[in-house]
Amino acid sequence: MEKAEAKEEDCEGLVNYALSIGDVEVAMFFREQPDGRYRISLRSKGQVNVAAIAESFGGGGHACASGCSLDGPLTVAVNRVLARFHQGAPPTPNL
C-alpha cells in the first residue's frame, strides 16, 4: 500500500470484484493491519450467511456483507475462516 500510495478506503470495494465472478457465491478479502492482525471482509450473493461466520470470530454485519479481525500470520487467519465455512455456514435467513 505504501508503494502504491494507497489509502485504507482504496481497499474497501475490492472484495466485491471477486463476488462479481459468475459461479462465485462467497468472496473474502484479508487486509493486514499495522498491529499484525487481519481485517477480513466477507461478501455473499445470498446463499451463505457470512454474518454468522464473522460473528463466530467476534465480528458482525449483515447476511450478505460482514467482517471481522483475526490474528496472523495470514495462512493461519485464512485457514481458520475456511475451516469455519467448511463446518457449514448457516443459510441466509429469508429477507
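Bear in mind these aren't lab numbers, they're just calculated from the coordinates by the rules spelled out. Keep in mind the model is a prediction, meaning the values are calculated, not measured. Neighbour counts run over all protein chains shown; Cβ positions are idealised from the backbone, glycine included.
Specify which labelled value, from (i) 17.7; (ii) 13.7; (iii) 16.3, agrees with Kirkwood radius over Cα pairs in Å derived from the coordinates of the model shown. Among (i) 17.7; (ii) 13.7; (iii) 16.3, the one derived from this structure is (ii). Charge tally for residue 13 (other residues, Cβ to Cβ under 15 Å; Lys, Arg +1; Asp, Glu -1): 0.
Ordering 70, 57, 83 by the projection of their Cα atoms onto the charge dipole of the chain, which places +1 on the Cβ of Lys and Arg and -1 on the Cβ of Asp and Glu, puts 83 at the extreme positive end. Each of residue 5 and residue 86 was given a label point 7 Å from its Cα along the Cα-to-Cβ line. The distance between the two points is 4.3 nm. Axis angle, to the nearest 10 degrees, between helix 74-88 and the longest C-alpha principal axis of the chain: 10 degrees. Our summary gives the chain a relative contact order of 22 percent, counting only alpha carbon pairs under 8 angstrom and 6 or more residues apart.
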